[in-house]
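Written out below as structure tokens is the structure these notes cover.
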Amino acid sequence: MISKDHIIKRFVSYVTVDTQSDPNSKSTPSTKKQWDLANKLADELKTIGMQDVSIDENAYIMATLPSNVDHKVPTIGFIAHFDTSPDFTATNVKPQIIEYYDGKDIVLNAEQDIVLSPDYFEDLHLYKGQTLITTDGTTLLGADDKAGICEIVSAMEYLILHPEIKHGTIRVGFTPDEEIGRGAHKFDVKKFGADWAYTMDGSQIGELEYENFNAAGVVVKVKGKIVHPGYAKGKMINSMYIAQEFINSLPRMETPEHTEGYEGFFHLCSIKGEVDETQLEYIIRDHDRGHFEARKEVMKKLTEELNAQYDREVITTEIKDQYYNMKEKVEPVMHIVDIAEEAMKQLHIKPLIKAIRGGTDGSQLSYMGLPCPNIFAGGHNFHGRYEYVPVESMIKATEVICKIAELTAKKA
Ligand SMILES: [Zn+2]
């Protein structure tokens with residue numbers, strides 16, 4: 001099977017290249033340094049024997065593993081992103097390899113007293129006896145999503161070296177800028193040409209996701225009237241009090257800190273206020289499309305009511321949809337989830353199917369015509385110094401990719 005050392009070596013060669021993305025940049029990729037890894041990946045795909053390897057002017061990489069069967073099989077794709085989060089530095093990543101993890105505290109950095117402890121990060125208990133890759137406590141690791149890239153490259157290499165495993169045409173896609181929400185923006189779905197795909201961008205072993213939030217952003221502007229406070233009787237309108245009425249009219253329990261699972265929410269992200277004008281920024285999230293639309297209606301109604309009450313347009317509310325639940329696009333082709341689930345079961349991995357309380361590139365891609373559930377890549381504690389990945393999970397993810405390819409050909 002796939003050797004541990006081989007996976008570790010490949011993974012380390014990726015995470016030691018800094019590819020942090022930048023939300024304040026307008027270019028694609030958002031940072032020049034993402035090219036360093038992008039070019040290396042394109043070369044590596046050629047070296048392992050992939051066909052039609054292309055890298056476009058925005059650093060999107062695509063490649064093909066041709067079918068090795070005579071009958072017609074749907075073309076499937078595997079997608080991962082090579083940028084890392086702007087939340088934490090990725091300069092000088094120094095991965096630490098912990099063999100036969102003993103289930104105790106891991107000192108990441110003795111000098112700075114940074115400890116990765118199972119008392120706090122309970123998931124560590126799952127990996128006793130396994131090989132973990134951690135940071136040295138001063139950077140993130142970048143398993144999100146270089147673990148995904150490593151698994152896809154390793155699976156393609158394995159299939160090339162093992163032609164006895166029968167599969168259809170497989171497409172591979174690596175993207176920049178996922179962490180700043182733009183990974184799918186310039187993804188050429190037509191050129192990719194797959195019937196469906198999977199992002200290898202989940203966390204814990206077994207994760208399989210095809211539901212995410214419907215999402216909207218809201219800007220509420222409240223107009224007041226400023227007058228000298230000594231002579232304001234009957235004249236001043238304090239926009240901050242009206243904003244407060246708006247806030248208090250929304251259900252206090254339907255907020256992120258009081259909801260979980262399939263419960264949606266209104267989230268007040270910011271308030272900027274003076275007497276003359278107050279601006280509120282909200283996000284609306286709900287898995288259910290009907291409930292999502294109803295939440296937007298609630299805000300519109302409330303705006304109308306307050307305007308009527310003050311007898312003029314004191315409030316304007318601007319609502320913009322951001323992304324939608326991919327479930328709508330995946331459910332009509334549910335066999336793509338079933339194949340992934342079966343692949344895991346055949347490999348003795350317990351599938352953990354749950355709804356994402358957020359969005360993924362796959363949700364955008366699904367609405368662009370490429371249904372795209374998300375599969376575990378194995379890492380934990382993304383976007384920070386406590387990030388780690390068990391090598392065994394990366395090997396399992398690699399096997400899942402090979403198994404999905406095999407099952408898709410068998411079922412066709
Ligand atoms: Zn990711």
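Can you say whether Ala80 is assigned by TED's automatic domain parsing to the domain that holds Gly148, in contact with a strand residue (DSSP E or B) (Cβ under 8 Å, 6 or more places away or on another chain) and within 16 Å of the ligand (Cβ to nearest atom), as far as the supplied structure shows? When the stated conditions are applied, Ala80 passes them.
Determine whether segment 354-365 contains at least one residue that is assigned to a loop (DSSP other than H, G, I, E, B), surrounded by 22 or more Cβ atoms within 10 Å (Cβ to Cβ) and not assigned by TED's automatic domain parsing to the domain that holds Thr259. Scanning segment 354-365, I find at least one residue that is assigned to a loop (DSSP other than H, G, I, E, B), surrounded by 22 or more Cβ atoms within 10 Å (Cβ to Cβ) and not assigned by TED's automatic domain parsing to the domain that holds Thr259, so the answer is yes. Considering segment 366-390, and only residues there that are part of a loop (DSSP other than H, G, I, E, B) and aromatic (Phe, Trp, Tyr), the residue that is nearest to the ligand (Cβ to nearest atom) turns out to be Phe382. Checked against the criterion of being more than 16 Å from the ligand (Cβ to nearest atom), among the hydrophobic types (A, V, I, L, M, F, W, C), on the phi < 0 side of the Ramachandran plot and over 20 Å from the mean Cα position of the chain (by Cα), segment 142-153 has no qualifying residue.
Within segment 167-188, the set of residues being surrounded by fewer than 17 Cβ atoms within 10 Å (Cβ to Cβ) and away from the ligand (no atom under 16 Å from the Cβ) comprises Lys186, Asp188.
Among the residues of segment 252-288, those identified as of a type in the set (Val, Ile, Thr), part of a strand (DSSP E or B) and surrounded by 17 or more Cβ atoms within 10 Å (Cβ to Cβ) are Thr278, Ile284.
For His162, the conditions (1) within 16 Å of the ligand (Cβ to nearest atom); (2) surrounded by fewer than 24 Cβ atoms within 10 Å (Cβ to Cβ); (3) not small (Gly, Ala, Ser) all hold with the exception of (1). The number of residues in segment 107-123 being surrounded by 15 or more Cβ atoms within 10 Å (Cβ to Cβ) and touching a residue at least 60 places away in the same chain (Cβ under 8 Å) comes to 3.
Whether any residue in segment 297-320 is in contact (Cβ under 8 Å) with a residue 60 or more places away in the chain and in contact with a Pro (Cβ under 7 Å, 6 or more places away or on another chain) is what I want to check. For segment 297-320, residues in contact (Cβ under 8 Å) with a residue 60 or more places away in the chain and in contact with a Pro (Cβ under 7 Å, 6 or more places away or on another chain): absent.
Of the residues making up segment 38-84, those that are part of a loop (DSSP other than H, G, I, E, B) and either within 15 Å of Val172 (Cβ to Cβ) or modelled with pLDDT under 95 (or both) are Gly49, Met50, Asp56, Ala59, Tyr60, Pro66, Ser67, Thr75, Phe82.
The values are calculated or read from the model by the stated rules, or taken from the named source; none is laboratory data. Computed from a predicted structure; not experimentally measured. Backbone-built Cβ (ideal geometry, glycine too); neighbour counts: all protein chains shown.
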